[in-house]
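Reviewing the structure listed below.
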Amino acid sequence: MAAGLEIVEVFVEPIIDLWADMGVSVDAPTWTVGDGVLANVGSVVTPQGVMATARIPETVPLPDGNFIVELAGVADPGNAGTIVRSAVAAGAQAVVFSPGSVDPWNPKTVRASAGALFRVPLAVAAPVGERVGTDPHQGDHCDQVDLTGPLTLVVGNEAHGLDQTAAVDRWVSIPMAESVESLNVASAAAILCFEIARQRRSGPSPDSGG
């Protein structure tokens, strides 16, 4: 509701009073259900006593902005939701789910995003500024590259990474110990998103050429 979603229906257990318990007034049909019903139909272990259905927002044209995150073949819904959460927290203006990526509205993706999916436009694929591809073994270290300009950060599949023939303008990597092969894609995306955010607050590192 805070994100402006269109609520279709609300279901509450008898012990819940939406206004008294949550300070919520809903302009949608509200149904009281028996004890245990939400636990049976929901996908969480411990339901909070209230459940709602909402209309899925439509994908929008790419909004104005200078920091976009694109998921290119990210297949695991938990990873995808976590990436969206990190992107929103770091200030990305939109997220793109390219063909081959998991459905952004997969229940596990929604839950892993912790509400972030409702707070950022899901946009159709289109480039914004420099396309920065991520790879554990090639490209300049992310803290040695100027990431303050308009860019699209592109992250790839969990198992295979970003295709080496992907349409990117620059490759970046995360400096790590030689004994480590790679990072989980959600972890890598979080590090890169916050490196971008750090540089935009304080400027690129002195040796980045920025």
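The values are calculated or read from the model by the stated rules, or taken from the named source; none is laboratory data. No experiment lies behind these values; they were computed from the predicted model shown. Virtual Cβ from ideal backbone geometry, glycine too; neighbours counted across all protein chains shown. The accessibility values were calculated without ligands, DNA or RNA, using every heavy atom of the protein model including side chains. Shrake-Rupley method; radii C 1.70, N 1.55, O 1.52, S 1.80 Å.
Quick one: Karplus J couplings for region 158-172, per residue in order, coefficients 6.51, -1.76, 1.60, θ = phi - 60°, nearest Hz, x for Gly and Pro?
My calculation for region 158-172 gives 4, 7, 10, x, 7, 3, 5, 9, 4, 7, 10, 8, 8, 9, 10 Hz in order.
Determine the share of region 60-210's accessible area contributed by carbon and sulfur atoms, expressed in whole percent, with a 1.4 angstrom probe.
Answer for region 60-210: carbon and sulfur cover 52 percent of the accessible area.
Below 13 angstrom from the Cβ of VAL128, what's the summed charge of the other residues (Lys, Arg +1; Asp, Glu -1)?
Charge balance near VAL128 sits at -3.
Based on the Cα coordinates of region 148-196, what is the per residue volume of their convex hull in Å³?
On the way: hull volume 4.6 nm³, N = 49.
Dividing the Cα hull volume of region 148-196 by its residue count gives 94 Å³.
Let me spell out the model: positive unit charges on the Cβ of Lys and Arg, negative unit charges on the Cβ of Asp and Glu, origin at the Cα centre of the chain. What dipole size does that give, in debye rounded to 20?
Working: 10 positive and 24 negative charges, 45 e Å.
Dipole of the chain, to the nearest 20 debye: 220 debye.
Multiplying the sequence separation of GLU9 and ASP140 by 0.36 nm and subtracting their Cα-Cα distance, what value in nm do you get?
Answer, rounded to one decimal: 42.2 nm.
What is the calculated FRET efficiency for ALA28 to ALA159, with r their C-beta to C-beta distance and R₀ = 35 Å, to the nearest 0.05?
0.25
Could you give the alpha-carbon Rg of region 1-64 over 2.2 N^0.38 Å, rounded to two decimals?
1.32
With a ≥ b ≥ c taken as the square roots of the eigenvalues of the C-alpha gyration tensor of region 113-202, please select rounded if a/c is under 1.5 and otherwise prolate if a/b is larger than b/c or oblate if it is not?
The shape class here is rounded.
How far is helix 77-89 tilted, in degrees, relative to the longest principal axis of the Cα atoms in the chain, given as a value from 0 to 90 rounded to the nearest 10?
In the chain, helix 77-89 runs at an angle near 80 degrees to the longest axis.
Let me check against my output: what whole-number percent is the relative contact order of the chain, with C-alpha pairs under 8 Å and at least 6 apart?
20
Hand me the GluC sites (Glu not before Pro) from region 119-195 located in a DSSP loop with no more than 13 other Cβ atoms within 10 Å, in residue order please.
Qualifying residues, ordered by number: GLU178, GLU181.
Indicate, rounded to the nearest 5 percent, the antiparallel portion of the DSSP beta bridges found entirely in region 61-176.
Expressed as a percentage, antiparallel bridges in region 61-176 total about 5.
Spin-label point model (7 Å from Cα, Cβ direction): what's the ALA177 to LEU18 distance in nm?
5.2
Leaving out ligands and nucleic acids, and using a 1.4 Å probe, what accessible area per residue does the chain come to in Å²?
With all protein chains present, the chain gives 53 Å² per residue.
Assuming 0.36 nm per residue, please report the length gained on full extension of the stretch VAL44 to ASN106 beyond their Cα-Cα distance. Please report the intermediate quantities before stating the final value.
Working: separation 62, 0.36 × 62 = 22.32 nm, distance 1.39 nm.
Residue separation times 0.36 nm, minus the Cα-Cα distance, leaves 20.9 nm.
Among (1) 0.98; (2) 1.06; (3) 1.03, which one is Rg/Rh (Cα atoms, Kirkwood Rh) computed from these coordinates?
This structure yields the entry labelled (2).
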